[in-house]
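S.K.: Quick one: the structure is below, and I'll ask about it shortly.
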Amino acid sequence: MIIGGSSGIGLGLAQALVRAGTEVTVVSRSGSRLAAASRRLGALDHSGALVRTAAADISRESDVERLFQEAGPVQHVITTAADGTGASGPIATIGVEGAQGFLGTKVLGPWLVAKHCAPYLLPGGSLTFTSGIAAYRPSVSGSVVAAANGALESLAYALALELAPIRVNVVSPGWVDTPVWDTLAGVDRSAALAAMAHRLPAGRIGTPADLAQAYLAVLCNEFMTGSVLHIDGGHRLV
Ligand SMILES: NC(=O)c1ccc[n+]([C@@H]2O[C@H](COP(=O)([O-])OP(=O)(O)OC[C@H]3O[C@@H](n4cnc5c(N)ncnc54)[C@H](OP(=O)(O)O)[C@@H]3O)[C@@H](O)[C@H]2O)c1
């Protein structure tokens, strides 16, 4: 189950899993985004039996509880959901609603997922959250984003102990070319991304496919828990 799987990094992971013949449930809020994701994944699903979708808001406890009750047993749960609306800017300009919205999707939401998914996880199951480079290289005007990503990693460490033997890990992406940059990158998206790429040791921005490989490694490695896997093109070094 990929919560946030209708776009960007989560959709890239869903595509990799479906290509590998794995059953996937893609979760997000918007019915139209879910339908579009279902069409894209359906084109890879030759059996027609691998892809399901479910609408839920990760920040609402009733939604999360219902999601797992209706989905039943699940092997791996991954969260990539994030809604950064109104969460970036100089601190004086950020409203409590914008801050709560981002913290709701990145910290409270994963906490609710942990609370409600545990009874449904199959033996050998795992929980994987998505943090981000902002925890290590905060941008000016990125106080909420930095705090949420850092808090999420601490949450994962605590849950790796409390929910053991369920494995709890985090994938921390650097800059990845997804629809979030359609608004964040400003008017000249490709120039902005090229300039960002130039700053990285890898010399390029990440792709959802780069990240999918990392999630697959985390899901498959039964000795990995309480860890953060950084896939950032070397961003933490510069
Ligand atoms: N892209 C980057 O450069 C980058 C860098 C560092 C970290 N990250 C992290 O990587 C993760 C994925 O980012 P992305 O770039 O792939 O983002 P994205 O393309 O905007 O996808 C976000 C997904 O989350 C879903 N979502 C948003 N709010 C939700 C909610 N309340 N409940 C359930 N689903 C919700 C969205 O669908 P709906 O709108 O339908 O709900 C969408 O499917 C995020 O946690 C982000 O912070 C990304």
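The values are calculated or read from the model by the stated rules, or taken from the named source; none is laboratory data. Computed from a predicted structure; not experimentally measured. With ligands, DNA and RNA removed, areas are computed over all heavy atoms of the protein, side chains included. Shrake-Rupley method; radii C 1.70, N 1.55, O 1.52, S 1.80 Å.
S.K.: Once both axes come from the Cα atoms, what is the angle between helix 31-42 and the longest principal axis of the chain, in degrees from 0 to 90, rounded to 10?
M.R.: In the chain, helix 31-42 runs at an angle near 70 degrees to the longest axis.
S.K.: So, one more: Taking each pair of distinct Cα atoms in the stretch 191-234 once, what is the resulting Kirkwood hydrodynamic radius in Å? Intermediate values should be presented prior to the final figure.
M.R.: Working: mean 1/r = 0.0842 Å⁻¹.
Every distinct Cα pair counted, the radius reaches 11.9 Å.
S.K.: Another question about this same structure. In whole angstrom, how long is each semi-axis of the equivalent ellipsoid of the stretch 75-202, when you take the square root of 5 times every eigenvalue of its Cα gyration tensor and sort them from largest down?
M.R.: In descending order, the three semi-axes are 29, 17, 12 Å.
S.K.: Compute the distribution of all C-alpha to C-alpha distances in the stretch 1-83, in bins of 5 Å from 0, and list the percent of pairs in each, rounded to whole numbers.
M.R.: With a bin width of 5 Å, the distribution comes to 3, 16, 31, 26, 17, 6, 1.
S.K.: Tell me the angle of helix 189-199 to the major Cα principal axis of the chain, expressed in degrees between 0 and 90 and rounded to the nearest ten.
M.R.: The answer is roughly 80 degrees.
S.K.: Ordering GLU65, GLU70 by how much accessible area each has at a 1.4 Å probe, largest first, what is the list?
M.R.: Working: GLU65 80, GLU70 135 Å².
Ranked from most to least accessible, the order is GLU70, GLU65.
S.K.: Taking a probe of 1.4 angstrom, what is the accessible area of THR130 in Å², to the nearest 10?
M.R.: 10 Å²
S.K.: At 1.4 Å probe size, with every protein chain present, just tell me what the per residue accessible area of the stretch 95-238 comes to in Å².
M.R.: The answer is 48 Å² per residue.
S.K.: Restricting things to Cα coordinates, could you compute the convex hull volume per residue of the stretch 9-159 in Å³?
M.R.: 120 Å³
S.K.: Still on this structure: Sorted by accessible area with a 1.4 angstrom probe, largest first, how do TYR157, TYR136 fall?
M.R.: Putting TYR157, TYR136 in descending order of accessible area: TYR157, TYR136.
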